Protein chains: 2
Amino acid sequence: MAPSTNSVLEIVERRAVPGPDDRKRMDSQAANLKKELQSILISNDFDAEVSIQGSVAKDTWLRGEADLDIFAGFEPSMNRTEWVEKVIPALKKGLSRFKIVERYAEHPYLEFRSERVRVNVVPYFVVKKGEWKSATDRTPFHTEYMNSHLTPKTRAEVRFLKRFMKGIDVYGAEIRVGGFSGMLAETLVLNYGSFTETLEEASCWNGKVRILVEKLEGAESADRFDSSLVVIDPIDPERNLAAAVRSEKLWSFVAASRQLLQGPSLEYFYPRTPRTHSKSEFQRKLKDSEGFLAIVFPHPKVVVDILWGQLLSLEQSLVGLLQRFDFRIARSHTWSDDRKLGVVFLELETPELPRTRVHLGPPVARREESQTFLERHRNSKSTLRGPYVQSERWIVEKRREYPSSSELLRKAFKDSSLGLSVPKQLHNNFTSGAHIVDRDGIEKMISNRSFAEALWDFLDGRPRWLRLKYA
Amino acid sequence: MAPSTNSVLEIVERRAVPGPDDRKRMDSQAANLKKELQSILISNDFDAEVSIQGSVAKDTWLRGEADLDIFAGFEPSMNRTEWVEKVIPALKKGLSRFKIVERYAEHPYLEFRSERVRVNVVPYFVVKKGEWKSATDRTPFHTEYMNSHLTPKTRAEVRFLKRFMKGIDVYGAEIRVGGFSGMLAETLVLNYGSFTETLEEASCWNGKVRILVEKLEGAESADRFDSSLVVIDPIDPERNLAAAVRSEKLWSFVAASRQLLQGPSLEYFYPRTPRTHSKSEFQRKLKDSEGFLAIVFPHPKVVVDILWGQLLSLEQSLVGLLQRFDFRIARSHTWSDDRKLGVVFLELETPELPRTRVHLGPPVARREESQTFLERHRNSKSTLRGPYVQSERWIVEKRREYPSSSELLRKAFKDSSLGLSVPKQLHNNFTSGAHIVDRDGIEKMISNRSFAEALWDFLDGRPRWLRLKYA
């Protein structure tokens, strides 16, 4: 028998809500880093307001996995290029004892780990509400809004929802994930009242969901947003908090919500670490996947969000190329170690196509087009059979130039005339180093655990939460 | 350089227009057969008006290839079943020295050869214009109409058009051909004035052609006919003379008209007998046709028009079956010796399909359908991968039951649950004897000249007139 939702949530509460010791540790860490940042800015002659924001400031962070957001607020009169050219370098230098990762949302910010906590250092402009100069300017207003609306009870509910979203892999607004932001999760709980209510409502979402938690002037025009899910930002009627949520993540959340309500399990929140699969297990899986292809390529180390923007765009280009040449794609997925190696997985419905391609010509009634068609195809070397009249139009059977998807891809890596567009920062490494890895190559790569997990998930097809016992 | 149209038509005229001797022979043959028929009917106590009709009566027959139509007119009070049960048997008996073929249009009639002329003996009702009881009742009015409108000049033009239509294989309203009747060819020439004018006009036909050669009351409603080509019968505004013309034949006529006007050649009218192709030529052609399949089956000897109705319907069933199982068909064609052996040729775009079939499920938003979908596919043996959420809907990858078109067909010949519908009179022979013939089998069959020609035409794809030097 499946456990009850309440008994599961009790365990999640014990795990996810920080206790007095956790809070103490976090507060002192936050205070210390804030102070350090202030002195770096001052010593570089920047006049900035430093504050703690995000889930720590709102007390919605998950025990043991908090992101600590430290914001540095500048005068709106400051030029944004100064951030890029002066503030960020000064901060990097001042924080050089940490291993800094440069990241990018609407503008650059910094990320590093300190005592097992991920710290983000983010610049913004101190503006009046509504006079936004950059996307991060809203954050202090978000913090303030949530702090005046959340209660201890709803804070726990937010934690349940965030942890559930993490567990089913739909949490995070960064481009790699394309999922739900923390602010969005919080707003959903405020709107529906609790975690369970949110899941029950989400179970019935119908492809035209409009949520206004706050009666804002101008917010009634939510319909002008085109997305399936529109959640109006409670401090800005012009903004859809769910804009970054990709269709797949939205509907995965809906589907997983239904599954949890049908048969609750702690694994939705804290999924088991997937077990390592053996070479022979992979061999069996691969044997069943006639249409599987993996394109492996080196890439440079760039700001991870920019990297992922380009990786996803590359994936789309590859799919588009194959489709233009009549191949049908079931699924595609991109994996990267975020440092130097990228892989695009493809599952083709038709990895090989017949050598003959039926080419539809114009209706015979269109005299000039028919003439052109006959001139082009009658004596062409690539014409295998025909032209002939079928029903009311001309048809010709042509020799297909690329009956094999892998041959087409190999050609397209080198030959830009086939129309594969490779994003700028990936371009050099990709065109010189991309290759389709064969089964032996795959077997070597599965010693990389993260790669192996992504590959297994891809070959299995099912999302992990759909493999659970009670799902 | 291509010869001129006039120089070609001069030769056609010499060949196709009967001279005094031809006419004398035909007239005496017609008179003798008419007399014989009259005496058979009288000796069987039938009161019938016997007359010569059709192209001989209208003087539009082609030298050396006339059909002699002898019509027997009965009182409209007579019951039509009497034709079937008494008249036809009496005629068959009386004409038993000939090798009689029973044929069928709207009702049965007889066909036999006498001194190298094909003779049709056709019953009809002698009715007032408009009070038609059977389709053949119009024929005497057609004869009368044409005789009062055709001139020696236009009679020659009709002969050019008929001969052209025969040459490009679009002549004949019988179901096997689905082309232009003699009456239709004559009406087109009356309407456009000459053979060349007809071709020039046809070259511009645009998919909504309405022709009224006679200002008949009610004919202005030609638009109620749904076909691309509507030619109102000059003696019956209710009837489209082009109703039997299949799309393919109509547009082949249009296309061939343009080709002839661009580069005239006698071969459009009198195509060369196709040369016999050797086994190795066939082997080469077959090697290039990955997707070619021939289904061979015995069939009973039935009235040829009924046979062809059922053969064409069988062809459609086979194509439909394959399409339902995701196979794409480029072309199909049926050949029969009209006595006992039928063959359906198929050219498949995809003779083999991948073992994996991507099955689209419902949008996740549809909660109940999603539930049903998950129940059906999650633990099904035929599920290879998934289910997963893609964009806004469920997808699952299934094992395809019939990845091979020939295996599917072999199964469907025997197992009616796969939904292949075989017309009644073909049913027994087909289900017990149909098989897919392999390359060796094909090579044996090409000793049958008519089969070999049909096969070559099919493998080549191009209509013969498009293979001509000046085409």
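The values are calculated or read from the model by the stated rules, or taken from the named source; none is laboratory data. Note that the structure is predicted; figures quoted are calculated from it, not measured. Cβ atoms come from the backbone with ideal geometry, glycine included; neighbour counts cover every protein chain shown. Remember, those area values only see protein heavy atoms, side chains included, never the ligands or the DNA or RNA. Shrake-Rupley method; radii C 1.70, N 1.55, O 1.52, S 1.80 Å.
Can you give the net charge of the other residues whose Cβ lies under 14 Å from the Cβ of B:Asp337, counting K and R as +1 and D and E as -1?
Values: positive: B:Arg176, B:Lys301, B:Arg339, B:Lys340, B:Arg449; negative: B:Asp338, B:Glu453.
Surrounding charge for B:Asp337 is +3.
Please work out the FRET efficiency for the pair A:Glu85 and A:Asp415, using the Cβ-Cβ distance as r and a Förster radius of 51 Å; give the result to the nearest 0.05.
Efficiency for this residue pair is about 0.80.
What are the ³J(HN,Hα) couplings of the range A:85-100, residue after residue, when phi is run through the Karplus curve with 6.51, -1.76, 1.60 and θ = phi - 60°? Round to Hz, x for glycine and proline.
Each residue of the range A:85-100 in turn: 8, 10, 4, 4, x, 5, 5, 4, 5, x, 9, 5, 6, 9, 8, 7 Hz.
Given label points at 7 Å from Cα along Cα→Cβ, what nm distances, shortest first, separate B:Pro298 from the same residue in every other copy?
Copy-to-copy label distances at B:Pro298, shortest first: 7.1 nm.
Ratio of the range B:5-147's C-alpha Rg to 2.2 N^0.38 Å, to two decimals?
On the way: Rg = 16.2 Å, N = 143, 2.2 N^0.38 = 14.5 Å.
So the range B:5-147 has a normalised radius of gyration of 1.12.
Per residue of A:388-395, count partner chain C-beta atoms within 10 Å of its C-beta, then hand back the mean as an integer.
Average per residue, whole number: 6.
When each pair of different Cα atoms in the range A:390-471 is counted once in the 1/r mean, what is the Kirkwood radius in angstroms, to one decimal?
16.9 Å
Convert each backbone phi in the range A:241-256 into a coupling constant with the Karplus relation 6.51 cos²θ - 1.76 cosθ + 1.60 (shift: θ = phi - 60°), then list the ³J(HN,Hα) values in order as whole Hz, x for Gly and Pro.
The phi angles translate into 4, 9, 4, 7, 6, 6, 2, 4, 6, 4, 7, 5, 4, 4, 5, 5 Hz.
Using a 1.4 Å probe and counting only protein heavy atoms, arrange A:His377, A:His277 so the residue with the most accessible area comes first.
Accessible-area ranking of A:His377, A:His277, largest first: A:His277, A:His377.
Ranked highest first by average number of other Cβ atoms within 10 Å, how do B:141-154, A:286-299, B:43-56 line up?
Details: B:141-154: 15.7, A:286-299: 19.1, B:43-56: 17.2.
Peptide ranking by packing, descending: A:286-299, B:43-56, B:141-154.
Output the pairs from A:Lys128/A:Lys153; A:Lys398/B:Lys424; A:Lys93/A:Lys249; A:Lys93/A:Lys340; B:Lys279/B:Lys340 with a Cα-Cα distance over 28 Å in this structure; if there are none, say none.
Pairs exceeding the cut-off: A:Lys128/A:Lys153; A:Lys398/B:Lys424; A:Lys93/A:Lys249.
Determine the dipole magnitude for the range A:151-268: charges of +1 sit on the beta-carbon of Lys and Arg, -1 on that of Asp and Glu, nothing else is charged, the reference point is the Cα centre, and the result goes in debye to the nearest 20.
Taking the Cα centre of the range A:151-268 as origin, the dipole is about 360 debye.
Considering only protein heavy atoms, what is the solvent-accessible area of B:Arg224 at a probe of 1.4 Å, reported in Å² to the nearest 10?
Taking all protein chains as shown, B:Arg224 has close to 120 Å².
Compute the signed sum of charges (Lys and Arg +1, Asp and Glu -1) over the other residues within less than 12 Å, Cβ to Cβ, of B:Lys279.
That sum, taken over residues with Cβ under 12 Å, equals +1.
Show the residues, 5+ positions off or on another chain, whose built amide H is closer than 5 Å to the amide H of A:Ser114.
Sorted by chain and number, the residues that satisfy this are A:Val119.
May I ask you to derive the relative contact order of the range B:359-399, considering only C-alpha pairs under 8 Å and at least 6 residues apart, and to give it as an integer percent? Don't skip to the end; give the middle numbers.
Working: 61 pairs, mean separation 19.1, N = 41.
The value is 47 percent.
With +1 on each Lys and Arg Cβ and -1 on each Asp and Glu Cβ, how big is the dipole of the range A:47-161 about its Cα centre, in debye rounded to the nearest 20?
It works out to roughly 380 debye.
Count, for each residue of B:323-330, the Cβ atoms from other chains sitting within 10 Å of its Cβ, then give me the mean as a whole number. Can you show the working numbers first?
Values: counts 0, 0, 0, 1, 0, 2, 1, 10.
Rounded to a whole number, the mean comes out at 2.
Using heavy-atom solvent-accessible surface (probe 1.4 Å) with all chains present, what is the largest-first order of A:Thr60, A:Thr350?
A:Thr350, A:Thr60
Express the Stokes-Einstein translational diffusion coefficient of the protein assembly as shown in µm² s⁻¹, to the nearest whole number, given a Kirkwood radius over alpha-carbon pairs, 4 °C and a viscosity of 1.567 mPa s.
In µm²/s, the coefficient rounds to 37.
Taking just the C-alpha trace of chain B, give me its Rg and Dmax in Å.
For chain B, the Cα radius of gyration and maximum Cα-Cα distance read 26.6, 84 Å.
Pop a pseudo-label 7 angstrom from the Cα along the beta-carbon direction at both A:Ser39 and A:Glu115 and give the gap in nm to one decimal.
Simple spin-label model gives 1.6 nm for this pair.
Would you be so kind as to identify which of A:His435, A:Val121, A:Ile88 lies farthest towards the positive end of the dipole of chain A, taking Lys and Arg as +1 and Asp and Glu as -1 on Cβ and the Cα centre as origin?
Farthest towards the positive end: A:His435.
For label points placed 7 Å from Cα toward Cβ, what is the shortest-first list of nm distances from B:Gly64 to its copies?
Spelled out, the distances from B:Gly64's label point are 9.8 nm.
Go through the range A:34-42 residue by residue and turn each phi into a ³J(HN,Hα) via Karplus (6.51, -1.76, 1.60, θ = phi - 60°); whole Hz please, and just put x for glycine and proline.
3J(HN,Hα) across the range A:34-42, in whole Hz: 4, 4, 4, 5, 4, 6, 4, 5, 4.
When you have a sec, figure out the Kirkwood radius of the range B:132-248 from all distinct Cα pair distances and drop it here in Å to one decimal? Could you put the intermediate results ahead of the total?
On the way: mean 1/r = 0.0689 Å⁻¹.
By the Kirkwood definition, the hydrodynamic radius is 14.5 Å.
Do you know the relative contact order of the range A:1-130, to the nearest whole percent, from alpha carbon pairs under 8 angstrom that are 6+ apart?
Across the range A:1-130, relative contact order equals 22 percent.
Every other copy gets compared here: list the nm distances from the B:Phe98 label point (7 Å along Cα to Cβ) to its counterparts, shortest first, one decimal.
The projected label point of B:Phe98 is separated from its counterparts by 10.5 nm.
How large is the helix-only mean residue ellipticity at 222 nm for chain B, computed as the sum of -39500 (n - 2.57) over DSSP H runs with n ≥ 4, divided by its residue count, in deg cm²/dmol to the nearest 500?
The helix contribution divided over chain B gives -12500 deg cm²/dmol.
Taking the dipole about the Cα centre of the range B:359-399, with the C-beta of Lys and Arg at +1 and of Asp and Glu at -1, give me whichever of B:Pro362, B:Leu384, B:Phe373 is farthest to the positive side.
B:Leu384
Would you mind counting up the charge near A:Glu443? Only other residues with Cβ under 13 Å from its Cβ, with Lys and Arg at +1 and Asp and Glu at -1.
That sum, taken over residues with Cβ under 13 Å, equals +3.
Under the definition of partner shielding as Cβ atoms of other protein chains within 10 Å of a residue Cβ, what is the mean value for peptide A:361-367? Intermediate results must be reported in sequence, preceding the final value.
Details: counts 0, 0, 5, 11, 11, 2, 7.
The shielding value for this peptide is 5.
At a probe radius of 1.4 Å, what is the per-residue accessible area of B:Asp169, in Å² to the nearest 10?
In the full protein context, B:Asp169 sits at about 90 Å².
Counting only the heavy atoms of the protein chains, how much of A:Lys301 is accessible to a 1.4 Å probe, in Å² to the nearest 10?
150 Å²
Give me the percent relative contact order of chain B, please, defined on Cα pairs under 8 angstrom at least 6 residues apart.
12 percent
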